[in-house]
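K.L.:
Next up is a structure, given as structure tokens.
The values are calculated or read from the model by the stated rules, or taken from the named source; none is laboratory data. All values derive from a computational prediction rather than experimental measurement. Heads up, the Cβs are rebuilt from the backbone with ideal geometry, glycines too, and the neighbour counts pull from every protein chain shown. The area values use the complete protein model at the heavy-atom level, side chains included, leaving out ligands, DNA and RNA. Shrake-Rupley method; radii C 1.70, N 1.55, O 1.52, S 1.80 Å.
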Amino acid sequence: QDQAARSAGEKREARKEEGRGNVCTVLIQQGTLRVGDVFIAGNYYGHVRALLNERGKKIDGAPPSTPAVVLGCMGLPTAGENFVQVEDDRTAREIASKRQQYQREKDRRVVQRITLDDLYKQIKEGAVKELPLVIKADMDGSVGALVDSLASVTSEEVKINIIHKGVGVINESDVLLASASNAVVIGFHTSATPRAQSLAKSEKVDIRQYDIIYQAIDDIKAAMAGLLEPVVTQRDIGEAEVRQVFKVSKVGAIAGCYIRSGSITRSAKIRVRRGRELVHEGPI
């Protein structure tokens, strides 16, 4: 084998530990990794200061098909990136530097997403000539009413373009369409699935949810006029499914729940939905 890559693997996760620094968990796929070896992991390089096995015991080397904890990386690479041993420190630094430069250039090329908060600024800069919208609502009648109301919103500098409208929850397909079209997602009397919310966060897609039509219209008009005021946004921290309801005297109804994602905290506010119907909203 080439000396420049006589051991290699896949990095499964990375974290920072007090007293240890950056810690990477890897699965060796070929060759043997030893203490003192120089390596590249994603956009970072390092020296193997110590090797630990799955029980946390120090080992001198990790042969193929061995999971190992590696100490000594200069940064925290992302999960799934290749972990490759290289010949010397100079080679590792050069490769890491080029990868980091490429990542910086890639980040600069990321498309500036349209949000209602900065719409007016983009209009004035000439970056926006139209406002693409994805509309989702709880009923077909609601969709029609919202579309008709938006048709009355006019501006000399920007026009509204509804690229998709539908009934139901805001899902991943809606977010992907909005991402590809640089659109804002408007939800009326509906919610977004946890996966859609996660995808919207990673794709930087603006999702706005409303229960009253004129609030949506006013927000869009205000955004186009540069008058949109800061609003308190909803951040979903968890989702639960009610499995059983217990009634206790002097207390009331107690919901026995199964946490499906995230976490539920005592200070949080909740929305309880039965199908598409919102049956309760308030603090826990």
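K.L.:
According to a simple spin-label model (label point 7 Å from Cα along Cα-to-Cβ), what is the distance in nm between residue 53 and residue 250?
P.N.:
Reported label-point gap for residue 250 and residue 53 is 5.9 nm.
K.L.:
Could you report the accessible area of residue 279 in Å², rounded to 10, computed with a 1.4 Å probe on the protein chains as they sit in the structure?
P.N.:
About 60 Å², rounded to the nearest 10.
K.L.:
Skip the ligands, DNA and RNA, and give the accessible area per residue of the stretch 52-107 with a 1.4 Å probe, whole Å².
P.N.:
64 Å²
K.L.:
Of all the accessible heavy-atom surface of the stretch 155-200, with the other protein chains kept in place and a 1.4 Å probe, what percent is carbon and sulfur?
P.N.:
On the way: 1040 of 2170 Å².
So the carbon and sulfur contribution to the accessible surface is 48 percent.
K.L.:
For the stretch 9-101, what is the convex hull volume of the alpha-carbon atoms per residue, in Å³?
P.N.:
83 Å³
K.L.:
PRE reach from residue 101 (point 7 Å along Cα→Cβ): which of the stretch 37-66 fall under 20 Å by backbone N?
P.N.:
Under cut-off, by backbone N: 40-46.
K.L.:
So, for the stretch 160-250, what is the accessible surface per residue at a probe of 1.4 Å, expressed in square angstrom?
P.N.:
Values: 5550 Å² over 91 residues.
On a per-residue basis, the stretch 160-250 sits at 61 Å².
K.L.:
Now for a different question. Over 32 Å between C-alpha atoms is what I'm after, so list which of 165/204; 57/204; 159/201 land there.
P.N.:
Details: 165/204 20 Å; 57/204 42 Å; 159/201 26 Å.
Too far apart for the 32 Å limit: 57/204.
K.L.:
With θ taken as phi - 60° and the coefficients 6.51, -1.76 and 1.60, list the Karplus ³J(HN,Hα) couplings across the stretch 88-104 in order, rounded to whole Hz; mark glycine and proline as x.
P.N.:
8, 5, 4, 4, 4, 4, 5, 5, 4, 5, 5, 5, 5, 5, 4, 5, 5
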